[in-house]
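The numbers here are math on the coordinates, done by the rules we state, and not lab data. Fair warning: this is a prediction, and the values are worked out from it, not measured in the lab. In this analysis, Cβ positions are derived from the backbone assuming ideal geometry, glycine residues included, and neighbour counts consider all displayed protein chains.
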Amino acid sequence: MKTAKRTATYSPLATGMRVLRATAITVFASAVLAACGGGAATTDNPLTQAPPPGNAPYTGPVARDADVLKFQQEFWSNAKTSDRCGSCHNEVVGQTPMFVRNDDVNLAYDEALTVVNTTQPALSRLVEKVGGGHNCWNTDPSSCAAIMTTWIENWLGSSGGGGRQIILTPPPSTEPGASLNFPADTAAFEATVYPVLVANCAGCHSSESATAQQPYFADPDVGTAYDAAKPKINLDTPANSRMVIRLRSEFHNCWSGDCSADAQAMEDAIAAFAGGISPTTVDPNLVTSKALRLVDGTLAAGGNRYEDAQIALWEFKTGSGAIAYDTSGVDPAIDLNFSGGVTWFGGWGITITDGKAQASTTASAKLYDIIQESGEFSIEAWVVPANVTQEEARIVSYSAGTTQRNFTLQQTLYDYRFQLRTTTTNLNGDPALSTPSADEVLQATLQHVVATYDPINGRRIYVNGSLVTQIDPVPGGTLIDWQREFALVLGNEASGDGLWQGTIRLAAIHRRAMTQEQVMQNFDAGVGERFFMLFDISENIGAAPESSYILFEAAQYDTYAYLFDRPHFITLDGSTPEGIPIRGLRVAMNGAEARVGQTYATLDDTLSASEFGELGQPLSSMGAVLPLEKGPQDDEFFLTFDVLAGNSFSRPADPTLVVTETDRPPSPHVGLRTFDEINATYAEVTLVDPTTPAVDMTYQELRQSLPAVESLNTFLSSHQVAIAQLAIQYCDAMIGTAGSPGPNLAALFPGFDWNDNSEFSNNRDAFVNPLIDRIMGTNIGSQPVRAEVYEELASYQDPTTAVNAEGESLDRPDNLIDRLIAGGSATRSIGKGVCAAMLGNAVTLVQ
Amino acid sequence: MKNMTYKKGKFARRLARIIGPWQIALIGALLAGFMATAYAGPREQAKRIHDRLAGVPPTDAVLQAMENQIAGGDAVGAAYTAMDNKYFYNVTLKNFAAPWTNRDQSVFVPLNDYIATVIGMVRDDIDFSTLLSADLTYVGRSGIVAAAPAANNNNHFDQLEANNVDLSNTNDFVAMPQSSILGIPSSATAGVMTSRAASEAFFVAGTNRAMFRFTLLNHMCNDMEQMLDTKLPPDWIRQDVSRSPGGDSRLFLNNCIGCHSGMDPLAGAYAYYNYNEDTGMLEYTPGNVQAKYYNNDLNFPQGFRTVDDSWENRWRQGQNAYLGFDNSLPGSGNGAKSLGEELGNSQAFAACQVKKVFRAVCLREPENAADRAAVNTITNTFRSSGYRMKQVFADTAVHCMGQ
């Protein structure tokens, strides 16, 4: 333990904006951080309530001062009941410490002080005991610990002045060691641990089980099972695996009747699995800090939420089972029972995929009873919507079905919507108040949302601390029409037909409409469990042992990642190292640098006394999301540096991608002319101005019906139709009418008389030859054989009886001109038809 | 052929009016009847070069001249002859550039200042590596159409196209400083990236990442997926990118991070740009980061918060260094112009232009070693001889003129 440390008041904010205020530098063994500074002033007293029936009324001396009275109201009255601590720790049973004695609350207060940590209530002996399973009054010790913490906080909260303090203590000095890491391939798991799980645990821990129970580590799909099993396996010490402890110490569904033997079998299987894994060793060339786990850090979470009017709270800390406990400490607890697809979310929370978390109507009636009295309330939640496509998806609902509700906070696309039954709305709480759709305030990411109601201001919705709704269009009313028989449901409608998909990391109900400041206070307080992690670099920089650290605020970010936030350089001995370079900081895990998410890899800083604040020198204001590997209990972190003081690591550059191109299948070396090219081509060969209104109008109509890309494979019959139409339009413009012949007609076909109706019978070559030459070009070997083209247009006569060498008939129509003549067409019409046939074909289309 | 005999549509009625209804089917039967053969002497090569470059068949005189050039060993000269045709500019180049100017990559868009700038730079052999950085645009000469070039509408270019103005005519279609039309400082111009058309398409709403993505797509021939590199540090990824989309950080760590870690540091260059839909103009706000850079900034408050228009090219390291950035440039800077220089002087930019020309002229992708060697040779020539695009068109047309 060191001396001469620093004290600061610290508000661990989720948003990255932090408020620090200094207090005295007086602590001896540690740096002390207080966790309530910066929070808004509170005015309401916590809700007090009558103790459950069956306990003797208090007849002893009155509280001797305000502190004792607060103790009596907030802690003692809750804990003294016979179903809780009052069953033993009183003067009747005589179990010490008698902190809930019923004869003299002043003596109880004195006893309680011996088992309460007034600076960090969560570290109180009382919390530790119930959290460890000591006579917890429900089935989840962690929820008892949370409730006990709440009582102590309510007792101490407003008398603490500067809020609760967090003490930074030097963590154990551990060198980063070789680590066993889970292989990506499931084969080894499938051969060792998986058979034991399938044989003995698949009755519940399988998605196929009739009584399916998460985690699905015995799932028929081995990949699913592997992912689910990882957090329950300790590769380094198989005996410490949760799967082994569950059998050996907690006697959880031992299959043979001999839990010890079953635990040993599980341990052996895990040991066999671990034995086949080569450890990841730390590169000796790396410049590294000491190592520690997340849980070795100092707890930073909680404590500065505004909770004075809180009447229900779900923090989802339990992490297993199918009940989420109401840890508000206000009886009766509205515990939520899971049904359907509801799973626990890493770092506290539940994820709803296809189910709901619903309370009994009896427990839910707490809301009716209290809110009927207050006439106002707030719904608060930290949520992660799974998507922005769901509609009328209930996040928090106190209702009976799709048409009957007291209140509902729901998601519709990018909006939060708040339905509330008052005397001015209908029984379904409509019309709903919605966040402005155009603002798209709802995002599929972690958000803090608060819906408040009071008769003066009506409904309001705050998202991430900001009021985002306009004035409630519906005037405020009373809540007299509420139904007491409705059930509180998270993630669905009570009737199951309002599914919301997403994650709820915290939910709370308050009996008051929270103010802007209170909303912001709770937003700033963040959600989830956070730790201060101290990475020792004393040795690297030549400082006194266990004096110099890189401080991170770290948390499990979600089921799959950690968040490391805002590194500082801090000393615990008051020293201020000067001129020491720090470059290229990376977070390493289980023997190797994390492969992704290295936010601080570009860090380039120098330690300087002038940069030091109360938390030392800030190195970055940014956060790093890093992939979770074994879980917060087992992942061992350390830091690496490219340069730290005189130590450096020569980092090899990541290899450049070498692009190796391979042959493609041969593709046609010819293609189509596209729309504009076709138009321009027709204009060029017909000498018709493409801006001629009739032509241009036709082209603009046909433009997107013509080929748009050159590939032959894209040619469609509809293209052919458009080509024909455009060709005919151009030919029409080229030839014109008797009264208005095409402007270049005479020049193009000088020997052709358009006014002679027998011209195509007597003088067709004067038209056909120039036409072919102009459109097809001359002497171009890649074009069709000119004689064949001419024959089709002007000379072929059906032989009717001729056959080829194979005896097949050569019977086919006569040439186009003769057929048009036979049809009785006039000269201009025949010319236009022949022109169109010549223009709108592959001769011009293919390039 | 039954589908050729339209009997009810207005085109069918128009056709019937012109030539009589019953002949329509007969004509249709001939439409697709003529197939090309596969012989390629100098005359056929000249025809193909002209078809591919000008988009229209040559006149006899031009064809003869080109044939003579090819026969005389000057196939490139023949290609330059083909590029004298106005339709090389009015059609081929217009449709070459049109898909770059809109998000749908549609070729069916009106002529605009982006396309005009490309056409002009090619025509006048302007150093094409300045495409993304120059203070340059091309417009019709004063008075050639009713509408003057404007910062808030496309009327001028609409009219140039409607009137079929000859864009090969150096008197009628002329260069202008882009800054003089858009009313932004010359230092704020960045070639076609700050053109009105690109602004309207890619600086509108959103977060300005679209401008970077489409520039990458159109001028580096890579989409973001090809750039995915999850090893790069994510410290410049903006606050609006959720690190746990829908509550699952694996999405971020395996996908989002790989593109944003490179893109966001580069797209910082556009921090002062916005397309104002109300005014129809590009806004440039030097010193003031556009509000769009702070959209959804509470999605991950610990992310990067843009404070200026600085940018940094993280792709100079790691797998994407193969894009071949110019080592004589710093790899970082402020504003779109220097970013345009960084991109425009890369090997990938030059190779991309050549590949696009190859596609436009050869009507296919490079498909074998000979094609790839030709692309490399043409690219090297392009880079070493002043980035002249006409040279690229000519060399490519000669490569694909057939044998």
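Quick notes on this one:
- Of interest is the spacing of the C-alpha centroids, which for the stretch A:416-463 and the stretch A:552-578 amounts to 37 Å.
- The dipole here belongs to chain B: it is taken about the Cα centre, uses +1 on the Cβ of Lys and Arg and -1 on the Cβ of Asp and Glu, and is about 1540 debye.
- Stretchable slack from A:Ala210 to A:Asp104, in nm (0.36 nm times residue separation minus alpha-carbon distance): 32.8 nm
- C-alpha long axis of helix A:259-275 to longest principal axis of chain A, angle in °: 50
- In a fully extended conformation the segment linking A:Ser608 and A:Asp756 would gain 43.0 nm over its present Cα-Cα distance, using 0.36 nm per residue.
- Chain A: angle of helix A:141-156 to the longest principal axis, Cα-based, in degrees nearest 10: 70
- Taking every DSSP bridge with both residues inside chain B, close to 80 percent are antiparallel.
- 5 angstrom amide H check on A:Leu506, placed H, neighbours 5+ away: A:Trp382
- Projecting the Cα atoms of A:Val709, A:Phe182, A:Ile570 onto the charge dipole of chain A, computed from C-beta unit charges around the Cα centre, puts A:Ile570 farthest toward the positive end.
- Taking the DSSP bridge list for the protein assembly as shown and keeping only pairs wholly inside it, about 95 percent are antiparallel.
- Selection from A:Cys85, A:Ala274, A:Val527 lying farthest towards where the dipole of the protein assembly as shown points positive, charges on Cβ: A:Val527
- Under the combined filter of DSSP loop state and at most 13 neighbouring Cβ atoms within 10 Å, the stretch A:138-243 retains these GluC sites (Glu not before Pro): A:Glu208.
- Helical contribution to [θ] at 222 nm, DSSP H n ≥ 4, -39,500 (n - 2.57), averaged over the protein assembly as shown, rounded to 500: -8500 deg cm²/dmol
- Whole-percent P(r), chain B, all Cα pairs, 20 Å bins from 0: 24, 49, 24, 3.
- Relative contact order for chain A, counting Cα pairs under 8 Å that sit 6 or more residues apart, in percent: 10
- Under the convention that each Lys and Arg Cβ holds +1 and each Asp and Glu Cβ holds -1, the size of the dipole of the protein assembly as shown around its Cα centre is about 1140 debye.
- Which listed pairs, of A:Lys356/B:Lys292; A:Lys832/B:Lys356; A:Lys70/A:Lys317; A:Lys230/A:Lys356; A:Lys232/A:Lys356, have C-alpha distances above 32 Å, in listed order: A:Lys356/B:Lys292; A:Lys832/B:Lys356
- For chain A, convex hull volume per residue from C-alpha positions, Å³: 297
- For chain A, with +1 on Lys and Arg beta carbons and -1 on Asp and Glu, the positive-most of A:Tyr368, A:Ala561, A:Tyr216 along the dipole: A:Tyr368
- Cα centroid separation, the stretch B:328-403 to the stretch A:684-749 (Å): 35
- Estimated FRET transfer efficiency (A:Ala66, A:Asp258; beta-carbon r; R0 35 Å; 0.05): 0.05
- Cα gyration tensor of the stretch A:413-497 - equivalent ellipsoid semi-axes, whole Å, descending: 22, 18, 11
- Cβ-based exposure ranking for A:Met243, B:Met220, in which fewest neighbours within 10 Å come first: B:Met220, A:Met243
- On Cα atoms only, tilt of B:335-344 relative to the major axis of chain B in degrees: 50
- Gained length - A:Thr237 relative to A:Ala766, 0.36 nm times residue gap less alpha-carbon distance: 180.4 nm
- Of the GluC sites (Glu not before Pro) in the stretch A:310-397, the ones in a loop by DSSP (not H, G, I, E or B) with at most 14 other beta carbons within 10 Å are A:Glu391.
- Size of charge dipole - the stretch B:173-254 - debye, nearest 20, with Cβ of Lys, Arg +1 and Asp, Glu -1, no other charges: 80
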